[in-house]
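The values are calculated or read from the model by the stated rules, or taken from the named source; none is laboratory data. Because the structure is a prediction, the values reported are computed rather than measured. Cβ atoms come from the backbone with ideal geometry, glycine included; neighbour counts cover every protein chain shown.
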Amino acid sequence: MSGFCLLIHYYQTGKLYFHSTKQLHLCMDIFILMEIIGWSGSAMVVVAYILNIRGKMDVRSVWYVWLNIIGSAFLIAYTFYLKAYPNVLVNLIWVLVAVYSLIRSALKKKES
């Protein structure tokens, strides 16, 4: 379980005790939500990549960039939840590159 859990637990006599069932349910709800966020983020990044490789979506496409931004943002939340900080950094860089691409594209359109 992660620090996001508002669950207070401790080991006593080899068993895990919870202060209340409500806290246990809250922790499980957060865990399930974070799993959904993680899988959704992975799916978005992979779908964008597959569509690009198959020639269905150009890397300069707004949809491609947004899929990467949202997918990577979800992966940032998920990997932070897991305390996988190297992955947080990689996805943060991925988002920054995608945002830079959007800004550059918008500026070019404005100049035209």
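Observations on the model:
- Taking the conditions (1) outside any helix (DSSP H, G or I); (2) among the charged types (D, E, K, R); (3) at pLDDT below 95 in turn, Lys56 satisfies each one other than (3).
- Test: residue in the range 3-13 that is surrounded by 15 or more Cβ atoms within 10 Å (Cβ to Cβ) and at pLDDT 95 or above: no
- Extreme residue, farthest from Lys108 (Cα to Cα), among residues of the range 38-76 that are crowded, with 17+ Cβ neighbours inside 10 Å and of a type in the set (Gly, Ala, Ser): Gly38
- All positions within the range 91-112 that are touching a helix residue (DSSP H, G or I) at 6+ places or on another chain (Cβ under 9 Å) and under 17 Å from Trp63 (Cβ atoms): Trp94, Val95, Val97, Ala98, Val99, Ser101, Leu102, Ser105
- Residue in the range 14-31 that is assigned to a helix (DSSP H, G or I) and at pLDDT 95 or above present: no
- Within the range 59-88, being part of a helix (DSSP H, G or I), within 18 Å of Trp39 (Cα to Cα) and hydrophobic (A, V, I, L, M, F, W, C) holds for Trp66, Leu67, Ile69, Ile70, Ala73, Phe74, Leu75, Ile76, Ala77, Phe80, Val88.
- Answer residue from the range 80-91, given it is modelled with pLDDT under 95 and surrounded by 15 or more Cβ atoms within 10 Å (Cβ to Cβ) and is nearest to Trp66 (Cα to Cα) among those: Phe80
- For the range 50-107, a residue qualifies if it is basic (Lys, Arg) and either under 11 Å from the mean Cα position of the chain (by Cα) or more than 22 Å from Ile30 (Cα to Cα) (or both), and the qualifying residues are Arg54, Lys56, Arg60, Arg104.
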